[in-house]
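Take a look at the structure set out below.
The values are calculated or read from the model by the stated rules, or taken from the named source; none is laboratory data. These figures come from a predicted structure and were not determined experimentally. Using ideal geometry, Cβ is built from the backbone for each residue, glycine included, and neighbour counts are taken over all protein chains shown.
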Number of protein chains: 2
Amino acid sequence: MRIGVLGTGMVGQVLAAKLAGTGHEVTVGTRDPAATLARQEPDGYGNPPFSAWHAQHPDVKVGSFADAASHGELVVNATAGAASLDALRLAGEANLHGKVLVDLANALDFSKGMPPSLLVANTDSLGERLQRAFPDVKVVKSLNTMNALLMADPGQLADGDHTVFVCGDDDEAKAQVTQLLTEAFGWRDVIDLGDLSAARATEMVLPIWLRLMGTLRTPAFNFKVVR
Amino acid sequence: MRIGVLGTGMVGQVLAAKLAGTGHEVTVGTRDPAATLARQEPDGYGNPPFSAWHAQHPDVKVGSFADAASHGELVVNATAGAASLDALRLAGEANLHGKVLVDLANALDFSKGMPPSLLVANTDSLGERLQRAFPDVKVVKSLNTMNALLMADPGQLADGDHTVFVCGDDDEAKAQVTQLLTEAFGWRDVIDLGDLSAARATEMVLPIWLRLMGTLRTPAFNFKVVR
């Protein structure tokens, strides 16, 4: 499938590499492709610059947000949550119209100290905000409750015996995303939480995820719904 | 140990029964003990009235919130979250002073429809509100992320292979609660999330818990932190 990945950070890189490696045609999109490719210093988390990653993944095309959205039959939002609405506006309604958008962003608010709180919570969610801004896009919220390495390769932890959630208002879109989760990424336990208002629930998992990362001193953990 | 349990609903009943059954001296507290004992009709969830439960548990004493708090060396807040601050005021600062308060309440807001949202979230929590109102009480937030039957008997699901969280500002109080969790209830995986501000994180688990109950059509599930 042709897939557009919005965002060239750690999450975008890991997902783009995995999707390209499983036979999909991937274009990653960024605000300013020339600047992203020219950057030589590590990012704020000490990761190598995008250009170093791209040199190892020449099969992944790089373009603007609009290029990536236009390329994809399915589009993945891997931008930082606080910037997602802007990124989608740059991607353009015409390039997103009618498509499935997998939203795995979390709108973290670092302005009130660490650990961050959420910019939107409880009675609304980032996923719903994106859906309201782009009513003709089929938003599916998923993969926002674990580390990027586990998103793309759940089998590296406990042989994949843990859980990922999906929610959204379009059943066909959720089925398509669920197929990608199981076939491309190897997820075995996908729980459908219902309509997109369940994005409130999965986005509100972030605070305990962040606390656990602090306590366990690793991002290599995930939740399993034991039943 | 002498334990006071505030609240005579399902949660209070299950915990009081388990604590009494493991050798503790338990008094449950309610706003109006005479009215609670006189009620003959089932509660709003169809559970038998308190008096029927109490007839089967004559070893558990029944009193006012103040009686239960005064009796307990350790006090459990099993009241509905929206009513917890009132219940603690009725219990009385003098009866709570210096004691450990295990807060397992969730402040659910049913006024905006189903599933409920939270009355306090994201940048504050019920646990912290209770701590601020009673600075000389040692609040430990725990057990608020699963169904009452699992709180008191985790072994009935997957042989107890799932997780409970504790947080609070007093390490000795957390150690005492952790001992109760493991020895009285049988918890095997207790994760200490740090100070009481982590109550924001565990209380924000409720929305996904409620969604999962709707999806799985049972409250008999819990989260395991796989690591």
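Output the residues belonging to the stretch B:199-213 that are more than 7 Å from chain A (Cβ to nearest Cβ) and either under 20 Å from A:Leu206 (Cβ atoms) or touching a Gly at 6+ places or on another chain (Cβ under 8 Å) (or both).
First, pick out the residues of the stretch B:199-213 that are more than 7 Å from chain A (Cβ to nearest Cβ): B:199, B:203, B:206, B:209-210, B:213.
B:Ala199, B:Glu203, B:Leu206, B:Trp209, B:Leu210, listed by residue number.
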- request: Would you check which residues across the stretch A:102-114 are closer than 26 Å to A:Val190 by Cα and assigned to a loop (DSSP other than H, G, I, E, B) and list them?
  value: A:Leu104, A:Ala105, A:Asn106, A:Ala107
message: Any residue in the stretch A:102-114 that is farther than 23 Å from A:Gln179 by Cα sitting within a Cβ distance under 6 Å of a residue that is hydroxyl-bearing (Ser, Thr, Tyr)? List the pairs, counting only those 6 or more apart or interchain.
response: A:Asp109/A:Ser117
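Is it fair to say A:Lys99 is touching a helix residue (DSSP H, G or I) at 6+ places or on another chain (Cβ under 6 Å) and basic (Lys, Arg)? Even if it seems obvious, please write down each step before you answer.
Details: touching a helix residue (DSSP H, G or I) at 6+ places or on another chain (Cβ under 6 Å): no; basic (Lys, Arg): yes.
Considered against the rule, which asks whether it is touching a helix residue (DSSP H, G or I) at 6+ places or on another chain (Cβ under 6 Å) and basic (Lys, Arg), A:Lys99 comes out as no.
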message: When you scan the stretch A:59-70, do you find a residue that is under 22 Å from A:Leu180 (Cα atoms), crowded, with 21+ Cβ neighbours inside 10 Å, within 14 Å of another protein chain (Cβ to nearest Cβ) and under 17 Å from the mean Cα position of the chain (by Cα), even just one?
response: no
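Looking at B:Lys138, B:Lys224, which is the one that is touching a helix residue (DSSP H, G or I) at 6+ places or on another chain (Cβ under 9 Å), of a type outside the set (Ser, Thr, Tyr), facing chain A (nearest Cβ under 7 Å) and more than 22 Å from B:Ala17 (Cα to Cα)? If you could, list the steps in order and put the result at the bottom.
Numbers: B:Lys138 fails: facing chain A (nearest Cβ under 7 Å).
Residue meeting the stated conditions: B:Lys224.
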task: Please verify whether the stretch B:191-198 includes one or more residues that are away from chain A (no Cβ under 14 Å), modelled with pLDDT of 95 or more and within 16 Å of B:Asn106 (Cβ to Cβ).
output: no
message: Within the stretch B:115-132, does at least one residue satisfy the condition of being within 13 Å of another protein chain (Cβ to nearest Cβ) and among the β-branched types (Val, Ile, Thr)?
response: yes
